[in-house]
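Report on the structure given below.
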Amino acid sequence: MFYGRDRERKSIHDPTGTQILYGGRGLGKSALLADAGDRFEEQRPGAHHKLYLNLDKIGIGRGTALGAEAIWPTLDQELIRQGVLEEPRRRGPSLDSWQRVTGGITCWLAEDSDRRLLILLDECDRFFEADVPECTETRRLRGLGDDSRGRVKVVFAGLHSVQRFTRLARNGPFSHLAQTPTVVGPLAPQFAADLIVHPTRALGFEFADVDLVNRVLGFCSYQPFLLQIFGSRMVQVMQDKRARGTLAPPPYTIEESDVDAVEQDASLRSDITAAFKDTLALDDRYHVIANVLAQHARDNGLQTRLSDRELREECAGWWPGGFEQLDSEGFRAYLQEMVGLGVLAPNNDGQGWHLRGPNALRMIGTAQEIEARLLRAEQESRLEETVVLESRPVLDRRSAPLTIDQIDYLLGEPVNQVRVVLGTQATGVADVEQTLREVTGRVAGWSVRATRSAKEFRDELGFAGCADKRRLIISDLSLRSEKSCRGSLELARSVLPKAAGATRSVVLVSGAAQLGFWSELLTGPDADHDTVVVLRRHDPRSLKDWTQRHSLFETEERLTRLSAVTGGWPYLLDRALWLRERRPDQDRVLADLTTWLGQRGGAEQFVDTVGLLENETLKSAYDGIVEQLGTGWHDEAYHVTAVEMNGLPAERARRAVVCLEALQVFDRDGTRLRVEPVLQAAMELLAAGR
Ligand SMILES: Nc1ncnc2c1ncn2[C@@H]1O[C@H](COP(=O)(O)OP(=O)(O)O)[C@@H](O)[C@H]1O
Ligand SMILES: [Mg+2]
């Protein structure tokens with residue numbers, strides 16, 4: 001059963017109404033799209049068609065090859081399935097996918113003047129990120145509406161970047177719309193009450209009074225998803241009570257003590273807090289703003305207000321990079337978004353801003369937590385733009401070892417280029433080829449060859465190719481000799497396609513068996529940093545992104561533990577996913593992983609994947625550093641000195657430290673390094689057993 005949102009639904013149906021819906025997780029965007037779609041078809045069965053697409057399922061993202069244009073083939077297929085478009089004729093003219101779709105829809109509309117089409121696109125964030133700055137595909141989608149005088153309408157829904165995008169693209173495709181994006185926030189009180197009261201009533205339970213209902217609504221911040229969880233726990237509590245025979249005959253009354261019992265439920269509390277934090281996690285600026293207001297509320301009471309200017313200055317004090325560039329209009333837009341998301345109270349009387357209520361304050365945390373978070377803000381916050389580029393696409397189940405930015409760099413421009421990926425089993429080197437294949441496979445226009453022999457490789461390099469395809473040649477060298485690595489790199493630089501204008505991107509993949517080759521590329525006289533792409537461990541920020549993409553370990557506490565247990569090593573994260581498939585309890589997964597690493601067999605297996613044992617010099621350099629410096633933070637010069645003291649001349653010691661860093665055995669903070677603790681613990685365990 002769907003409750004409320006009448007205004008929003010009407011606006012979705014209206015050809016001149018909203019085209020953009022945004023809001024945090026669980027607030028009901030998808031449910032609203034589904035409901036609006038169904039009712040649209042009911043208005044005129046047979047003539048009105050809706051098409052709902054979840055773009056996350058298609059896997060569009062930023063980066064050349066994950067382009068936004070991938071939306072068209074999917075639209076094409078779905079519209080064929082619905083009978084709006086016809087199957088492509090085998091001998092027909094070959095059209096671009098978007099032309100086929102737009103043309104096909106025009107024909108379909110022309111056949112019957114009652115026909116209308118509502119295209120509902122859900123989870124559009126990454127699609128928009130991929131489409132800026134040109135916004136070509138968004139324009140084309142919007143054009144469907146203009147060309148058909150409103151008989152086709154496209155609605156986009158997503159989290160914050162959907163909204164951010166519309167602001168970004170003021171002069172873009174949305175500039176002509178006389179409407180602002182619609183926020184899907186907490187439900188209006190009446191409908192929120194219906195959402196909890198009706199289903200419980202249907203099961204035979206009645207709240208003792210309306211105050212009790214209001215208490216539940218406040219506890220769940222009027223958020224549909226949380227109300228649903230609350231309701232199902234409530235029913236559980238009541239059924240247990242009935243089973244114990246402590247209830248009078250029906251209808252059964254829900255008393256205050258029953259609500260108390262549900263509110264005390266630790267896992268519900270953690271769900272509610274997680275949902276709230278999810279909302280704040282949409283943007284690090286939200287985070288800082290909310291914590292600044294919370295700090296004032298803790299110090300001076302919840303009713304304390306801050307003006308736009310005061311609030312902005314204070315935020316800029318904690319995180320200059322995030323707020324100094326923002327003009328006052330932009331800042332106010334952020335505050336409005338946070339009202340829509342149910343975090344801030346509206347500033348209707350013009351007296352300034354404060355948090356929405358005591359629940360919000362409770363969920364943000366204690367005075368100490370708030371202060372600690374603000375102190376870390378400058379170091380840990382990232383602008384949206386960079387967050388996107390540093391995230392990693394998901395392969396079938398695991399995360400790719402490469403970031404979007406790195407993938408972009410490997411694919412490059414249409415010129416002749418060579419890149420070398422350096423990685424180990426621990427950083428996911430075995431997944432590089434698959435990542436590049438999947439990413440390029442999602443869009444037309446790429447041909448990928450993975451060569452298996454030197455001859456095949458040479459042939460591919462010189463191959464003229466076909467003009468309308470970008471070519472990617474991947475050569476996995478990880479099992480070859482260092483000599484053949486050098487040879488392949490040399491060939492890739494010298495053998496160019498024979499036809500004029502033909503280009504190809506070459507990706508050579510090198511593993512831990514070739515650390516001499518790494519050293520030359522990173523530190524030798526011919527070192528060439530533009531060629532090298534090093535696979536990395538996750539840092540705290542990308543780990544957070546990982547947890548969101550896999551919907552795992554999302555609470556702050558679990559995230560901290562995940563980081564401590566895995567050190568951000570992709571190999572260990574993959575293992576966590578593998579364990580998770582076998583047992584649903586997330587805390588158990590972390591415990592099991594810890595146990596596994598604490599035993600000799602597990603530690604050995606992990607250390608093997610890191611590649612440190614492949615090279616005597618590096619292993620002994622590492623031991624020297626641990627012996628001299630332990631796992632504390634020190635300037636990198638100290639690390640070099642520690643290696644010198646262990647017996648290497650200065651220049652070789654410097655090279656060893658660079659190679660060790662490429663193996664990901666250090667954490668870095670500016671010019672300071674420290675030995676990564678998870679690996680170090682495993683190494684120590686093995687040394688102790690010897
Ligand atoms: N207005 C509503 N009436 C009834 N249930 C709703 C309503 N809005 C959301 N829900 C329910 O709440 C849950 C979360 O909604 P969903 O649409 O998945 O959120 P979102 O897409 O914003 O993350 C779903 O189970 C959905 O059915
Ligand atoms: Mg959704």
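The values are calculated or read from the model by the stated rules, or taken from the named source; none is laboratory data. Owing to the predicted nature of the structure, the values given are computational and were not obtained by experimental measurement. Using ideal geometry, Cβ is built from the backbone for each residue, glycine included, and neighbour counts are taken over all protein chains shown.
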Do we have any residue at all in the stretch 10-29 that's closer than 30 Å to residue 554 by Cβ, modelled with pLDDT of 95 or more, touching a Lys or Arg at 6+ places or on another chain (Cβ under 7 Å) and not assigned by TED's automatic domain parsing to the domain that holds residue 194?
no
Among the residues of the stretch 32-39, is there at least one that is away from ligand 2 (no atom under 16 Å from the Cβ), more than 20 Å from residue 107 (Cβ to Cβ) and of a type outside the set (D, E, K, R)?
no
All but one of (1) more than 16 Å from ligand 2 (Cβ to nearest atom); (2) in contact (Cβ under 8 Å) with a residue 40 or more places away in the chain; (3) over 20 Å from residue 142 (Cβ atoms) hold for residue 109; which doesn't?
(3)
Among the candidates 605, 599, which residue alone is modelled with pLDDT of 95 or more and either closer than 24 Å to residue 511 by Cα or of a type in the set (Gly, Ala, Ser) (or both)?
605
Would you confirm whether or not the stretch 34-46 contains a residue that is in a loop (DSSP other than H, G, I, E, B), touching a residue at least 12 places away in the same chain (Cβ under 8 Å) and out of contact with any Gly (no Cβ under 9 Å at 6 or more places or on another chain)?
yes
Give me the pairs, please: first residue somewhere in the stretch 233-260 and within 21 Å of residue 198 (Cβ to Cβ), second residue anywhere and polar (S, T, N, Q) and in a strand (DSSP E or B), beta-carbon distance under 9 Å, and either six or more positions apart or on two chains.
247/253
Screening 523, 566, 531 for residues that are farther than 23 Å from residue 279 by Cβ and in contact with a strand residue (DSSP E or B) (Cβ under 6 Å, 6 or more places away or on another chain) leaves only 531
Unique residue being over 20 Å from residue 425 (Cβ atoms), in contact with a helix residue (DSSP H, G or I) (Cβ under 7 Å, 6 or more places away or on another chain) and either among the small types (Gly, Ala, Ser) or assigned by TED's automatic domain parsing to the domain that holds residue 510 (or both) when the list is 637, 656, 687
656
Of the criteria (1) over 13 Å from residue 678 (Cβ atoms); (2) under 30 Å from the mean Cα position of the chain (by Cα), which one residue 528 fails:
(2)
At pLDDT 90 or above and assigned by TED's automatic domain parsing to the domain that holds residue 138: is that true of residue 55 in this structure?
no
Taking the residues in the stretch 151-167 that are modelled with pLDDT under 90 and of a type outside the set (Val, Ile, Thr) as candidates, determine which candidate is farthest from ligand 1 (Cβ to nearest atom).
167
Given (1) within 15 Å of ligand 2 (Cβ to nearest atom); (2) assigned to a helix (DSSP H, G or I); (3) touching a residue at least 40 places away in the same chain (Cβ under 8 Å), identify the lone condition not met by residue 25.
(2)
Determine whether the stretch 235-252 contains at least one residue that is of a type outside the set (Gly, Ala, Ser) and closer than 24 Å to residue 27 by Cα.
yes
Could you tell me whether the stretch 601-621 includes any residue that is under 18 Å from residue 565 (Cα atoms), without any contact (Cβ under 8 Å) to a residue 24 or more places away in the chain, out of contact with any helix residue (DSSP H, G or I) (no Cβ under 7 Å at 6 or more places or on another chain) and outside any helix (DSSP H, G or I)?
no
Residue list for the stretch 112-124, filter: touching a residue at least 40 places away in the same chain (Cβ under 8 Å) and either more than 16 Å from ligand 2 (Cβ to nearest atom) or outside any strand (DSSP E or B) (or both)
112, 114, 115, 116, 117, 118, 119, 123, 124
Of all residues in the stretch 627-685 being touching a strand residue (DSSP E or B) at 6+ places or on another chain (Cβ under 6 Å) and hydrophobic (A, V, I, L, M, F, W, C), the one that is nearest to residue 603 (Cα to Cα)
666
Output the residue which, of all residues in the stretch 1-15 that are in contact with a strand residue (DSSP E or B) (Cβ under 9 Å, 6 or more places away or on another chain) and part of a loop (DSSP other than H, G, I, E, B), is nearest to ligand 1 (Cβ to nearest atom).
14
When every residue in the stretch 533-567 that is modelled with pLDDT of 95 or more and of a type in the set (Val, Ile, Thr) is compared, the one farthest from residue 655 (Cα to Cα) is 565
Looking only at the stretch 23-39, how many residues end up being more than 9 Å from ligand 1 (Cβ to nearest atom) and either under 20 Å from the mean Cα position of the chain (by Cα) or farther than 29 Å from residue 281 by Cα (or both)?
3
Considering only residues that are under 16 Å from residue 616 (Cα atoms) and among the β-branched types (Val, Ile, Thr), look in the stretch 631-690 and name the one that is surrounded by the most Cβ atoms within 10 Å (Cβ to Cβ).
643
Which of (1) modelled with pLDDT of 95 or more; (2) assigned to a helix (DSSP H, G or I) is the odd one out, the single condition residue 49 does not satisfy?
(2)
Just a yes or no: is a residue in the stretch 276-294 more than 27 Å from the chain's Cα centre (by Cα) and in contact (Cβ under 8 Å) with a residue 12 or more places away in the chain?
no
If a residue has to be among the small types (Gly, Ala, Ser) and within 19 Å of the chain's Cα centre (by Cα) to count, how many in the stretch 11-22 make the cut?
0
Within the stretch 193-226, restricting to residues that are within 16 Å of ligand 2 (Cβ to nearest atom) and assigned to a helix (DSSP H, G or I), the one that is nearest to residue 266 (Cα to Cα) is 226
Taking the criterion of being surrounded by 16 or more Cβ atoms within 10 Å (Cβ to Cβ) and over 26 Å from residue 587 (Cβ atoms), would at least one residue in the stretch 259-279 satisfy it?
yes
